[in-house]
Structure formats: structure tokens, C-alpha cells
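Written out below as C-alpha cells is the structure these notes cover.
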Amino acid sequence: MSVRKTWTVLHRCGHEVPHDLSNRPADRRASFARWLEERDCSACWKAARDEDGAGKAEWLAAKRAEEQQAAAEWAEQFDMPPLEGPEKALAWAERSRHQLVTAAYSALVTEGSWDEGDWAALEDTIRTLTRAGWWLDQRAAEGTDLPELLDAATSDDVGTENPFR
Ligand SMILES: [Zn+2]
């Protein structure tokens, strides 16, 4: 008696695909074929996975570009100096600075007890901190921590250009 080795499976996606099940135990082939029927064929599974990956990367790139634009506009509006550091870290550091400083403003001024004068003084200090790496190091910090972080910054973190031009 010949044992059936090739099963034509009608997959969930509608594709009929022959599967060679000879590497499975003979008595398990029928149930494995049924298990396959409940799934997409491998071509469809791969296509869906690749599309997910591409879609996610695209979405992330678009989100980054948007954040970058917002950070650049903000730096312009508040006269924030360009950051200094390795080229590949600059964009990320600028986004990081924008996020932390705006978070600090809403925590300390909008929702907190600081007045605009207090904030203006802090902003002057913020302008002196131009080392990209410093802002990257603070990327996970809370807005309320910013004054303390600025106090702890060292002269290495302060820019070479005079911000009070
Ligand atoms: Zn398919």
C-alpha cells in the first residue's frame, strides 16, 4: 500500500499549494494538512510580513521628519543655537532638546508655579547647552527634571559660541 506524501492544501488565503509532507510521520500528515489549511500560504504570509515591515519603517520615517520639522521651527522661534556634535547625532539631539524643553515648559509654567521671568532665565541656560550628546543623554528625562539637569551640566556641555550675542 502506498502512503500519501503530497497533500494539496487549500489555504485560508484561497491559494491551493501542494505540500510534500514526507518528512512528517505518516499518521500525522492529515492533521498537519488541516493545520495548514487554517493558515495563509507561505507566499501570502511573507508578503504580509514584508508589507508590515515596509509600512512601519515608512511610518517611522514620516513621524521623524515631522518631529524634525517641529524641532527646527521651534529652535528658530525661540532663538535656540545649533547643536554641536557628530553629524549623525545632531538631528536626534535637536528632537530630544525640543521634546524635553517643551515638556519642561508645560510642567513648570503652564501647569506649574513658574512665571515667564523664571522661565526666561532657564531658557538662557538652555541656550548655552549646545553639546548634542548632552541632550541625547537626557532624552528619557522628565520635563520637571530639566532645571536640576541644567545645574548638573558641566563646562564641557556648554557651547564655545557666546549665546548672549
Ligand atoms: Zn496565499
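Tabulated data
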{"read-out": "Qualifying position, being of a type outside the set (A, V, I, L, M) and within 30 Å of Thr102 (Cβ to Cβ), among Pro25, Pro86", "value": "Pro86"}
{"read-out": "Which listed residue is in contact with a Leu (Cβ under 6 Å, 6 or more places away or on another chain), in a helix (DSSP H, G or I), within 17 Å of Ala75 (Cα to Cα) and of a type outside the set (S, T, N, Q), from Leu122, Leu90, Leu136", "value": "Leu90"}
{"read-out": "Inter-residue pairs, beta-carbon under 8 Å, first over 14 Å from Arg39 (Cα atoms) and in region 5-22, second surrounded by 14 or more Cβ atoms within 10 Å (Cβ to Cβ) and charged (D, E, K, R), 6+ apart", "value": "Lys5/Arg29; Trp7/Arg29; Leu21/Arg29"}
{"read-out": "Lys88 being of a type in the set (Lys, Arg), out of contact with any helix residue (DSSP H, G or I) (no Cβ under 9 Å at 6 or more places or on another chain), farther than 22 Å from Thr154 by Cα and more than 16 Å from the ligand (Cβ to nearest atom)", "value": "yes"}
{"read-out": "Residue in region 96-117 that is of a type outside the set (A, V, I, L, M), touching a His at 6+ places or on another chain (Cβ under 6 Å) and farther than 21 Å from Asp151 by Cα present", "value": "no"}
{"read-out": "Verdict on Ser22 being more than 16 Å from the ligand (Cβ to nearest atom) and not in a helix (DSSP H, G or I)", "value": "yes"}
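Read-outs: derived from the displayed coordinates by stated rules, not from any lab. These figures come from a predicted structure and were not determined experimentally. We place every Cβ from the backbone using ideal geometry, glycine too, and count neighbours over all the protein chains shown.
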